[in-house]
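Only one structure is covered here, and it is reproduced in the block below.
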Amino acid sequence: MVEHLGLSKLKDKKLLFATWSSDIKEYYQYRDWRPLLSKVFGTFISFSPRTNYLRYGREKMNKMFLDIVEKEKPDYILLSLSYDEFPPETFNKIRQISPKTKTINFFGDDDWRYDDWTRYYGHYIDYTLTAKKDLSLYKKEGIQKVSFFWGVNTSVLKKLDVKKEYDVTFIGSPVADRYDYIKFLKENKVNIKLFGPGWSDYADLKDIYQGFLSSEDFVKVINQSKINLSFSKTFYNEGKKGQFKGRLFEVGACKAFQLVESSPTLFGVFNKNPAINFDDKKELLEKINYYLKNEEKREQGAEKVYDYVIKNYSWEAMFGELFARIQKEEKSFKHSSLPTVKGKIIYLKESFLNKNKEDFFKDLENYEYIGFEDNSIEIDPNRANIQAYSLAVSKKDISISDYYVHSNNMGDYLLFSSKKAFNTLPLESFRKLLIPGQILVRKKYLLDNYESFKNLFSEDKLSQNIISKDNSVFISLPLIRTKKLKEIGYEEMLKAFQMKFRDRLYSEIYQKKIFLTPFVYSLIFGSLLKGQLFISKYLYKFAFNKDTWLKIKGKL
């Protein structure tokens, strides 16, 4: 029986539960959130963006979602945005068709996604939940309805009476430098076992990889491990900086011992704790060898973390506090909105850049921000406002958004990830993939670099000194689409683009239309004719990857 006051007054309320993994039993949103919220709300409606995206595509999934919102008029929508499944315009439409509905989103990766993603989406969402402890930047930038949010389901994540079967385990994906760590430990004779998606591609780790875990086995393996590894770096954390990961709480709630990769985002019992923190491979190896020989020390460390987690964090308390606050603000509630930016925007075509310098400067006299476009791109209706805001809030000179690559038969088949590409590619490769429509620039910066910007539409693009980490702000929202694509090396293309054609393939396979539409033929033969060989290579690996078929079956 739920006792938290904030959850006791929701029986006359309607919740649309639309988190990314809302229907996958192995994920915490299904395992932890769904049972709790389905009990306290009078009407509980579930919609899976992930499943419907992969079955029917992004466009149809958005229509299905908005149809439910219009029909049900829920009091609240709970989301956990993943990337591009809901464009900003979807949230504008929610307010049109159901003005009283309040949107709530959990942003779980803000330690590395705030500046290019949450900073913008947070203004389209009414209540922002984040795994980032420091909320000062959110409030400074106008995202006032923000709360730290992370907990554990203590009825699932708990100590089990099982034997310690494993010396060392890691449960998770091979992102960042995790592969390097695991390989190092194996080479140094550590008896380690791996669980989770993505490791089947690493032949040298085949003997220690144990596969994907069900929810029940997930908890069991944590309990069976003498030492659980908790890494902090993920995806492209801009170098060595890590982030807070919920795995710390999950292992802690099981009263199991863990070694935690150091990170500036750690807090509480995990922060600057020499007993359990490690900074590099050598230190990790030393601590593994020490704790494997000292069971009593492991138990003491696990006990301390367990007491901290159980006392301070549970999903019931987190949701209770959230809805207590929302209900308290009911009468004064106003939807959030993107701040108005002072200064006019103009978008230039290539012909404008060919004017003589004096006329060029004069024609820009009344504008603050300068963008670029040509007839080959389509534009998101929110592009101008979001990009101008990005320059105003970041105080930087150049704003660079993501973009879709589109074809008539394949739809949006690639998505260029500007921030990831900039952080992982050589600068020359990054510049080759830029297109003018991505860019908005302050007028002063453009005038100061007039000669370089005149080459923007040429093959040479911008000179190397125009774009840098210090002067550029990235927006991880695809605000334009183009039919033009330049190809670089295969490994570099993987770093720069999300393969949206892969998601379309899932949809075609599910609907049993794999050979009945032009999509597959265009993907295979059209890409070959265009010289896009990286697509064919990717498709080959895609077809023979075990994770592909787990995803098709809805288990990943």
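Here are some notes:
- Listed by position, the helices (runs of 4 or more DSSP H) enclosed by the stretch 248-365 that each have at least 2 residues that are outside the structural domain of residue 458 (by TED's automatic domain parsing) are 281-292, 295-312, 315-328.
- Residues (small (Gly, Ala, Ser) and surrounded by 15 or more Cβ atoms within 10 Å (Cβ to Cβ)) located in the stretch 141-172: 142, 147, 151, 172
- Filter result for the condition that a residue is at pLDDT below 85, charged (D, E, K, R) and under 30 Å from residue 394 (Cβ atoms), over 537, 486, 495, 551: 486
- Scan of the stretch 254-276 for residues that are surrounded by fewer than 20 Cβ atoms within 10 Å (Cβ to Cβ) and closer than 30 Å to residue 161 by Cβ, ordered by number: 268, 269, 273, 275
- Residue within the stretch 185-193 that is assigned to a strand (DSSP E or B) and surrounded by 20 or more Cβ atoms within 10 Å (Cβ to Cβ) present: yes
- Flag: residue 65 matches the condition of being more than 29 Å from residue 314 (Cα to Cα), surrounded by 19 or more Cβ atoms within 10 Å (Cβ to Cβ) and modelled with pLDDT of 95 or more.
- Flag if residue 181 is at pLDDT 95 or above and either closer than 22 Å to residue 259 by Cβ or assigned to a helix (DSSP H, G or I) (or both): yes
- Residue match in the stretch 111-122 (condition: touching a Ser or Thr at 6+ places or on another chain (Cβ under 8 Å), farther than 24 Å from residue 248 by Cβ and among the hydroxyl-bearing types (Ser, Thr, Tyr)): yes
- Test for residue 141: is it under 30 Å from residue 266 (Cα atoms) and either modelled with pLDDT under 95 or out of contact with any strand residue (DSSP E or B) (no Cβ under 7 Å at 6 or more places or on another chain) (or both): yes
- Where residue 209 falls short, out of the listed (1) closer than 22 Å to residue 26 by Cα; (2) buried (at least 20 other Cβ atoms within 10 Å of the Cβ); (3) free of Cβ contacts under 8 Å to residues at least 60 places away in the same chain; (4) not hydrophobic (A, V, I, L, M, F, W, C): (2)
- Among residues of the stretch 1-30 being hydrophobic (A, V, I, L, M, F, W, C), part of a loop (DSSP other than H, G, I, E, B) and under 26 Å from residue 216 (Cα atoms), the one that is modelled with the highest pLDDT is 20.
The values are calculated or read from the model by the stated rules, or taken from the named source; none is laboratory data. What you see is a predicted model; the values in this text were computed from it and never measured. For neighbour counting, all protein chains shown are included, and Cβ atoms are generated from backbone atoms with ideal geometry for every residue, glycine included.
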